[in-house]
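The values are calculated or read from the model by the stated rules, or taken from the named source; none is laboratory data. Here the structure is a predicted model, which is why all the values come from computation and not from measurement. Positions of Cβ are generated from backbone atoms using ideal geometry, with glycine treated the same way; all protein chains shown enter the neighbour counts. Surface areas here come from the heavy atoms of the whole protein model, side chains and all, with no ligands, DNA or RNA. Shrake-Rupley method; radii C 1.70, N 1.55, O 1.52, S 1.80 Å.
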Amino acid sequence: MSYSDTVKRTWNDNRLMSVLLELTYACNLDCTFCYNDLSLGGKRLSLAQYRELLHDLASLGVLNLSLTGGEPLAHPHFFEIAGHARDLGFVIRLKTNGHAIKEAVARRIRDEVDPFLVEVSIHGATADTHDRQTRVPGSFTRLLANIRTMNSIGLRVKANSVLTRWNEHEVEELLAVCDDLDVALQIDPEVKPRDNGDRSTLAVEASLEGQARYRRALEAHSKRDVGVTKDPSPAAARRTNMAGTDKHCGAGSNNIAIDPYGSVLPCVQWRVSIGNLHERRVTEIWAGSGMLREVRETTKAARRKLEGLGDAGLLSNFCPGAAHTYSGDPLAIYPPAAQRMAASGRTRVRLTVV
Amino acid sequence: MSTETSTQHYRVDPHARFRVMDDEGIFVLQDAGEVLVVNEVGAFIVEQLKAEHSLDEVITSITERYAVDAERARLDASSLVAELLRAGAITRS
């Protein structure tokens, strides 16, 4: 049995495997396209509630725990929560902007949290571009220094970036910067609306030329790294990955997200509450939420819909959560997915785009 | 050839993580960045080791639970323990 088979089984059997905790929306940077809904309010989960939650998640057999925000290190009890998670045997991924992780903090993270991976956000190849995005002068220089520090003490670091109109001209340099730092880089080509549906963030989404440049840069980089050519049939590869399950994704089936106010969500992108930890424990929500059952059925409907669209549907990178954020309908094709379908050149049906 | 003694105890390596998922077990080897999946019997053995049972005690539990003879249980358990030690998933305690 391979790991990917195991993951598919968790989708099929509704076996909770991965949980993402948004600990706080507080942040020491001020990124222009941050997707968090900063107007969201409510009663924050207490440290005691986090402890109870982590015990419940361990009892459910959850393996992967992502700690994010906002900036997770801005939570006043970050180290207590993360250390407790470590003690309970979770595989911890820390998603951070990296700004606060100087040497002393990096050592605490290594010694008290022992994360599998620290994921940092990098927004450009130069200080001008990165700092324009974060709106904090000096943040680029500080991030690079902090990444080197983390590397030097044995933390595994990965960089995440979002392709925007501001950094699309330097995507090759960004790959080179990360090569130089010896960290893997993952670029999300899609700027998302904010979690409340506010589309003002899309003002900085990459141009079509920028998207094409990004694909060429990624292909050239991948050829140089591993000496292979691009998969001749990405749709076939996607079909292979999707075999053995009738769901489009694991949202609400093997993963959930939890916001700072206790709302439990099918995934970090799908912002519909399936229950709240101030009212019920996560074990009860997982076992008995009617909304969760609806979500699971929707992932099956999404699968059927995309398969009906042929290769274009498979190559759309469609996300029901993103669709829900765009229009309230998790099955509606939204603009970036439609763009990718059109780019695949195989769109056979006329689509209504929200 | 295994050099493990029957009274030896083991634990999950501090840099590895282990979870039982239904009828199989998953190790995440944090240092190597690898995942190792063990079958139902493997998961049972690891759970027994985590409960601080010696290899001999684990073998007895296997014979009771899976109705196999002791020699077969010893071979299977020793082989798995050796493999997990090599992979860095468990350590001697």
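What to note about this one:
- Some residue of the range A:91-108 being open to solvent by 20 Å² or more (accessible area, probe 1.4 Å) and within 14 Å of chain B (Cβ to nearest Cβ): yes
- Counted residues, the range A:22-32 - those being open to solvent by less than 30 Å² (accessible area, probe 1.4 Å) and among the aliphatic types (A, V, I, L, M): 2
- Selection of first residues in the range A:249-267 that are within 19 Å of A:Gly290 (Cβ to Cβ) and of second residues that are in a loop (DSSP other than H, G, I, E, B) and among the polar types (S, T, N, Q), restricted to Cβ pairs under 6 Å at least 6 apart or on distinct chains, gives the following pairs, ordered by first then second residue: A:Ser253/A:Asn14; A:Ser263/A:Ser273.
- Residue in the range B:2-16 that is within 14 Å of chain A (Cβ to nearest Cβ) and of a type in the set (A, V, I, L, M) present: yes
- Taken over the range A:154-181, residues that are more than 14 Å from chain B (Cβ to nearest Cβ), farther than 14 Å from A:His221 by Cβ, open to solvent by 20 Å² or more (accessible area, probe 1.4 Å) and over 18 Å from the mean Cα position of the chain (by Cα) amount to 4.
- Condition check for A:Gly70 on (1) crowded, with 21+ Cβ neighbours inside 10 Å; (2) out of contact with any Asp or Glu (no Cβ under 8 Å at 6 or more places or on another chain): one failure, at (2).
- Among residues of the range B:35-50 that are closer than 22 Å to A:Phe90 by Cβ and open to solvent by 10 Å² or more (accessible area, probe 1.4 Å), those with a beta-carbon under 8 Å from a residue that is outside any helix (DSSP H, G or I) and among the hydroxyl-bearing types (Ser, Thr, Tyr) at least six positions away or on a different chain give the pairs B:Val37/A:Ser2.
- Leading residue by the ranking (most open to solvent (accessible area, probe 1.4 Å)) among those in the range A:12-21 that are closer than 21 Å to A:Arg296 by Cβ and either more than 14 Å from every other protein chain (Cβ to nearest Cβ) or more than 18 Å from the chain's Cα centre (by Cα) (or both): A:Asp13
- Evaluation of B:Arg19 against (1) within 14 Å of chain A (Cβ to nearest Cβ); (2) more than 21 Å from A:Ala85 (Cα to Cα); (3) surrounded by 15 or more Cβ atoms within 10 Å (Cβ to Cβ) (one fails), failing number: (2)
- Test: A:Arg86 is open to solvent by 10 Å² or more (accessible area, probe 1.4 Å), over 25 Å from A:Ile187 (Cα atoms) and within 14 Å of chain B (Cβ to nearest Cβ): yes
- Residue within the range A:40-49 that is at pLDDT below 95 and within 21 Å of the chain's Cα centre (by Cα) present: yes
- Given (1) closer than 27 Å to A:Ala85 by Cβ; (2) open to solvent by less than 10 Å² (accessible area, probe 1.4 Å); (3) away from every other protein chain (no Cβ under 14 Å), index of the condition B:His53 fails: (2)
- Looking across the range A:38-59 at every residue that is touching a Phe, Trp or Tyr at 6+ places or on another chain (Cβ under 9 Å), open to solvent by less than 40 Å² (accessible area, probe 1.4 Å) and closer than 26 Å to A:Ser121 by Cβ, the one that is farthest from the other protein chains (Cβ to nearest Cβ) is identified as A:Leu45.
- Residue match in the range A:22-33 (condition: outside any loop (DSSP other than H, G, I, E, B) and closer than 30 Å to A:Arg296 by Cβ): yes
- Set side by side, the residues A:Tyr3, A:Tyr35 differ, and just one is hydroxyl-bearing (Ser, Thr, Tyr), away from chain B (no Cβ under 13 Å) and either farther than 30 Å from A:Arg132 by Cβ or open to solvent by 30 Å² or more (accessible area, probe 1.4 Å) (or both), which is A:Tyr35.
- Among the candidates A:Ala322, A:Ala312, residue that is modelled with pLDDT under 90 and assigned to a helix (DSSP H, G or I): A:Ala312
- Within the range A:215-257, the set of residues being open to solvent by 70 Å² or more (accessible area, probe 1.4 Å), farther than 30 Å from A:Glu168 by Cβ and modelled with pLDDT of 90 or more comprises just one member, A:Asp246.
- Test: residue in the range A:187-198 that is aliphatic (A, V, I, L, M), closer than 15 Å to A:Pro335 by Cβ, at pLDDT below 95 and in contact with a Phe, Trp or Tyr (Cβ under 9 Å, 6 or more places away or on another chain): yes
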